[in-house]
Amino acid sequence: MSTPQQLFQKFLDEQRSEYGRSLPEKVRQIEANWRLAASGGGEADTLAELERLAHTLAGTAGTLGFAAAGQAAKALELLVQRAIKAAAGCSVLHHDIERAIGLLQDSLPSADAVPADAG
């Protein structure tokens, strides 16, 4: 019989595993949003959505043990905030945002580092 602590740990492990498998898709959403913003497609709204996506990933990734992804997403979030505030929009920070997205991609755990089934 499992203790409440063991059950809770199993739940956390399952959540972490599931989240780890979903990270590449979350980063693809960020990349797609950035491509739209960089091409001038609804820049203000698109940048706001990019900021939200990066903010969400930064918090959740860090909480579930994906520290590198969380830190990379936080750096991206801060750059997007600067771009939103800049009078010239994202064009001023285009290279920095591109680099931050590359670092976010590089921070993803390899497929074999994310357990297929925890517990």
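Odds and ends about this structure:
- Sequence-distant lysines (8 or more away, or on other chains) whose Cα lies within less than 24 Å of residue 74: 26, 85
- In a reduced charge model with +1 at each Lys and Arg Cβ and -1 at each Asp and Glu Cβ, the chain shows a dipole moment near 200 debye about its Cα centre.
- With all protein chains kept in place, the per residue accessible area of segment 1-66 amounts to 61 square angstrom at a probe of 1.4 angstrom.
- Ellipticity estimate at 222 nm from DSSP helix runs (n ≥ 4, -39,500 (n - 2.57)) divided over the chain, nearest 500: -26000 deg cm²/dmol
- Counting only protein heavy atoms and a probe of 1.4 Å, the accessible surface of segment 1-40 is 54% carbon and sulfur.
- DSSP H segments from the chain that extend 18 Å or more along their own axis, Cα-based, with Kyte-Doolittle mean of -0.5 or above: 43-63, 67-85
- Were the residues from residue 39 through residue 12 laid out at 0.36 nm apart, the gain over their Cα-Cα distance would be 5.8 nm.
- Charged neighbours of residue 30, selected by a Cβ distance under 14 Å, balance to -1 (K, R count +1; D, E count -1).
- In terms of the mean number of neighbouring beta-carbon atoms within 10 Å, the peptides 71-84, 94-107, 54-67 order highest first as 71-84, 54-67, 94-107.
The values are calculated or read from the model by the stated rules, or taken from the named source; none is laboratory data. The model shown is predicted, which means the values in this text are computed figures rather than measured ones. Every residue, glycine as well, gets a Cβ built from its backbone with ideal geometry; the counts of neighbours run over all protein chains shown. Heavy atoms of the whole protein, side chains included, go into the accessibility calculation; ligands, DNA and RNA do not. Shrake-Rupley method; radii C 1.70, N 1.55, O 1.52, S 1.80 Å.
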